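See structure below.
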Amino acid sequence: GAVVSQHPSRVICKSGTSVKIECRSLDFQATTMFWYRQFPKQSLMLMATSNEGSKATYEQGVEKDKFLINHASLTLSTLTVTSAHPEDSSFYICSAPDPGTSGGDEQFFGPGTRLTVL
Amino acid sequence: GNSVTQMEGPVTLSEEAFLTINCTYTATGYPSLFWYVQYPGEGLQLLLKATKADDKGSNKGFEATYRKETTSFHLEKGSVQVSDSAVYFCALSRGFQKLVFGTGTRLLVSP
């Protein structure tokens, strides 16, 4: 199956700094990628849809100036948490549908990035 | 709008017990249905899927059947193992659109 990677897998930073998380589709092109946030023992919350060549679409309540998304190429999307604070600590997961699989119905998930803001 | 409802957990079973995790959905049209599994500290892995009514998805002993008449996609396994302990998410999607997840059900299997 298709493979999606994320980097870094774990990051610890000081409050006020910015953190960039990369999501890559390794063996397929992804015009669309999704970014999720997951709190402990909770479901995934969709933050935004990343579109190659255009602006990301943010879900209601997600601050677009705080969570910057850039879909730089057909295989790379980045999420930058700007001026991170402890309440931004979470598990961030990306996913991408593979056009070659079930007409894009099936999505492939990255392994996640655990962000801890001190 | 589209939504997924799944049973709350945790579900606690002994090894070799029968597992059912209920999932029902509300959607326009004919979505594809999925079960994803998340092991501690990891991302989501696709467990099984079904793309049309009456399809049965199966993998690793798990099964789920797409029931359009009851709008359900219940997950079953005949004999669970300790290694099946994880969180299971039911979800639906329609081609390149965002996945709609249920709240997740934690399964704990004891020896």
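Of the residues A:THR82, A:THR75, A:THR113, which is touching a residue at least 40 places away in the same chain (Cβ under 8 Å), farther than 27 Å from B:ASP55 by Cβ, among the polar types (S, T, N, Q) and in contact with a Phe, Trp or Tyr (Cβ under 6 Å, 6 or more places away or on another chain)? First the steps, then the outcome.
Values: A:THR82 fails: in contact with a Phe, Trp or Tyr (Cβ under 6 Å, 6 or more places away or on another chain); A:THR75 fails: in contact with a Phe, Trp or Tyr (Cβ under 6 Å, 6 or more places away or on another chain).
From the options A:THR82, A:THR75, A:THR113, the qualifying one is A:THR113.
In this structure, does A:VAL3 turn out to be within 14 Å of chain B (Cβ to nearest Cβ), touching a residue at least 12 places away in the same chain (Cβ under 8 Å) and among the aliphatic types (A, V, I, L, M)?
It is true that A:VAL3 is within 14 Å of chain B (Cβ to nearest Cβ), touching a residue at least 12 places away in the same chain (Cβ under 8 Å) and among the aliphatic types (A, V, I, L, M).
It is to be established whether one or more residues within the stretch B:27-39 are assigned to a loop (DSSP other than H, G, I, E, B), touching a strand residue (DSSP E or B) at 6+ places or on another chain (Cβ under 8 Å), among the hydrophobic types (A, V, I, L, M, F, W, C) and buried (at least 16 other Cβ atoms within 10 Å of the Cβ).
yes
Report, by residue number, each residue of the stretch A:51-101 that is β-branched (Val, Ile, Thr) and in a strand (DSSP E or B).
Those that are β-branched (Val, Ile, Thr) and in a strand (DSSP E or B): A:THR57, A:ILE69, A:THR78, A:THR80, A:VAL81, A:ILE93.
Assess whether B:SER58 counts as being outside any loop (DSSP other than H, G, I, E, B), polar (S, T, N, Q) and modelled with pLDDT of 95 or more.
yes
Residue by residue through the stretch B:3-49, note down the ones that are closer than 30 Å to A:ARG114 by Cβ, more than 9 Å from every other protein chain (Cβ to nearest Cβ) and of a type in the set (A, V, I, L, M, F, W, C).
B:VAL4, B:MET7, B:VAL11, B:LEU13, B:LEU19, B:ILE21, B:CYS23, B:LEU33, B:TRP35, B:VAL37, B:LEU47, B:LEU48
Scan the stretch A:25-53 residue by residue and report those that are within 12 Å of chain B (Cβ to nearest Cβ) and touching a Gly at 6+ places or on another chain (Cβ under 7 Å).
Listed by number, the list holds a single entry, A:SER43.
Has the stretch B:2-10 got at least one residue that is among the polar types (S, T, N, Q), more than 27 Å from B:LYS98 (Cβ to Cβ) and either part of a loop (DSSP other than H, G, I, E, B) or touching a residue at least 12 places away in the same chain (Cβ under 8 Å) (or both)?
For the stretch B:2-10, residues among the polar types (S, T, N, Q), more than 27 Å from B:LYS98 (Cβ to Cβ) and either part of a loop (DSSP other than H, G, I, E, B) or touching a residue at least 12 places away in the same chain (Cβ under 8 Å) (or both): absent.
Give the residue, chosen from B:GLU76, B:GLU42, B:GLU63, that is in a strand (DSSP E or B) and in contact with a Gly (Cβ under 8 Å, 6 or more places away or on another chain). Lay out the reasoning, then the answer.
Details: B:GLU76 fails: in contact with a Gly (Cβ under 8 Å, 6 or more places away or on another chain); B:GLU42 fails: in a strand (DSSP E or B).
Going through B:GLU76, B:GLU42, B:GLU63 in turn, just one is in a strand (DSSP E or B) and in contact with a Gly (Cβ under 8 Å, 6 or more places away or on another chain): B:GLU63.
Residue by residue through the stretch A:76-91, note down the ones that are under 15 Å from the mean Cα position of the chain (by Cα) and more than 10 Å from every other protein chain (Cβ to nearest Cβ).
Correct list: A:LEU76, A:SER77, A:THR78, A:LEU79, A:THR80, A:VAL81, A:THR82, A:ASP88, A:SER89, A:SER90.
Please verify whether the stretch B:91-106 includes one or more residues that are facing chain A (nearest Cβ under 9 Å), among the polar types (S, T, N, Q) and either in contact (Cβ under 8 Å) with a residue 60 or more places away in the chain or more than 30 Å from A:LEU115 (Cβ to Cβ) (or both).
Yes - at least one qualifying residue is present in the stretch B:91-106.
Which one is modelled with the lowest pLDDT among residues in the stretch A:6-30 that are outside any loop (DSSP other than H, G, I, E, B) and touching an Asp or Glu at 6+ places or on another chain (Cβ under 8 Å)?
Our first condition is that a residue be outside any loop (DSSP other than H, G, I, E, B); within the stretch A:6-30, this holds for A:6-7, A:10-13, A:19-25.
Those still in the list that are touching an Asp or Glu at 6+ places or on another chain (Cβ under 8 Å) too: A:6-7, A:25.
Details: A:GLN6: 96, A:HIS7: 97, A:SER25: 93.
So, considering only residues that are outside any loop (DSSP other than H, G, I, E, B) and touching an Asp or Glu at 6+ places or on another chain (Cβ under 8 Å), the one modelled with the lowest pLDDT is A:SER25.
The values are calculated or read from the model by the stated rules, or taken from the named source; none is laboratory data. Remember, it's a predicted structure, so these values are computed and weren't measured experimentally. Heads up, the Cβs are rebuilt from the backbone with ideal geometry, glycines too, and the neighbour counts pull from every protein chain shown.
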